[in-house]
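Nothing in this text is a laboratory measurement; each read-out follows from the coordinates by a stated rule. Because the structure is a prediction, the values reported are computed rather than measured. Cβ: placed from backbone, ideal geometry, glycine included. Neighbour counts: every protein chain shown.
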Amino acid sequence: MAATGSAVLRGSITMKDFYQQFYTILAQTTAHAEFCARVFGRDLCQHGFADMAQLEKILEVTRIGPGQRALDLGCGNGLIAEYLSDCSGAHFTGLDYIPTAIEQARQRTAAKADRLAFQVGDINALDLPDHTFDLIVSIDTLYFSDDYALTLRQLRQALKPGGQMAIYFAHGRMPWEAKEDFPTETVQPDQNPLGEALKAAGMPFQTWDFTQDDYRLAQLRKEILAELRPRFEAEGLTFIYENRSGDANGVSGAVESGQHGRYLYLVRP
């Protein structure tokens with residue numbers, strides 16, 4: 001799994017509770033918006049490590065365009081799906097399991113309903129229409145799947161013939177894992193959990209290595225977070241600051257020990 005806030009992963013709160021709290025309070029914060037803009041190049045409410053260059057890479061390699069339909073799996077409040085649709089002209093459907101986030105997306109994009117739709121859904125209880133999408137985008141969301149093989153089968157079934165998936169996926173040593181206990185070979189794109197699941201499913205894929213981008217963004221996150229910490233605290237958002245810090249520190253340490261890898265997968269099943 002990708003490194004993420006240790007308090008969430010180690011059980012002090014559930015992941016769903018964290019995101020519900022996050023999206024509920026989002027409108028009250030300017031610190032997080034500035035954090036995203038300065039780290040990722042634009043505030044799209046990023047919760048992960050995908051900066052604008054990584055989003056542009058999706059558009060470049062998939063060549064999604066007008067008249068095509070795409071699914072953003074785990075879309076949050078839909079800002080990234082909206083951006084990709086604005087750039088490409090394609091119709092995007094966003095799916096996320098946090099109702100508050102979906103409602104925010106619907107309200108914000110009401111004037112773009114001809115090419116943007118959002119619905120509540122769970123990656124572990126997918127009910128997607130068959131042969132509907134030209135592209136499925138997953139940006140740091142497959143970690144939420146309890147069964148990669150099942151999820152990939154369901155996503156393949158939802159693709160039109162000739163459809164494709166663009167997946168950002170990271171895997172590495174967690175901060176509490178001893179270096180000697182982590183199988184370093186599993187950071188390779190064909191040996192991490194996603195790569196193994198794709199091979200088992202007979203789904204061919206091409207990858208681009210974004211590991212060093214992950215490290216650069218982790219270092220930048222630490223710098224910007226240190227500067228913005230007083231504002232996060234003043235806004236009562238220490239839990240967001242701690243989560244982002246946990247992400248950045250975890251990725252930095254794992255990359256430095258050669259035990260973290262991040263890749264863009266282009267899958268044409």
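If we count other beta carbons within 10 Å of each Cβ, what is the order of 80, 224, fewest first?
Ordered from fewest to most neighbouring Cβ atoms within 10 Å, 80, 224 come out as 224, 80.
Let me have the relative contact order for segment 66-173, percent, based on Cα pairs under 8 Å that are six or more residues apart.
27 percent
Just how far, in whole angstrom, is segment 99-121 from segment 231-269 if you go by their alpha carbon centroids?
27 Å
Compute the relative contact order of segment 182-269 as a whole-number percentage, counting only Cα pairs closer than 8 Å that sit 6 or more residues apart in sequence.
49 percent
At 1.567 mPa s and 4 °C, plugging the Kirkwood radius over alpha-carbon pairs of the chain into Stokes-Einstein gives what diffusion coefficient in µm²/s?
Taking Rh from Cα pairs, D becomes 69 µm²/s.
Take every Cα pair under 8 Å in the chain that's 6+ residues apart, average their separations, divide by the length, and report that relative contact order as a whole percent.
Reported relative contact order: 23 percent.
Size of the dipole of segment 1-155 about the Cα centre, Lys and Arg at +1 and Asp and Glu at -1 on the beta carbon, nothing else charged, in debye to 20?
Roughly 180 debye, rounded to the nearest 20.
Among 160/199; 57/160; 57/222; 199/222, which pairs are too far apart, with a Cα-Cα distance over 28 Å?
Correct reply: 199/222.
Figure the gain on full extension for residue 53 and residue 107 (residue separation times 0.36 nm, minus the Cα-Cα span) and round it to one decimal in nm.
Roughly 16.7 nm would be gained on extension.
By how many nm would the segment from residue 176 to residue 147 lengthen if fully extended, with 0.36 nm per residue of separation less the alpha-carbon distance?
8.0 nm
For each of 44, 126, count neighbouring Cβ atoms within 10 Å of the residue's Cβ, then give the residues from fewest to most.
In order of increasing Cβ crowding within 10 Å: 126, 44.
Is the shape of segment 44-169 best called rounded, prolate or oblate, per the rule: a/c under 1.5 gives rounded, else a/b larger than b/c gives prolate, else oblate, with a ≥ b ≥ c the square roots of the Cα gyration tensor eigenvalues?
It comes out rounded by the Cα gyration axes.
Once the dipole of the chain is set up with Lys and Arg at +1 and Asp and Glu at -1 on Cβ about the Cα centre, which of 71, 31, 200 lies farthest towards its positive end?
71
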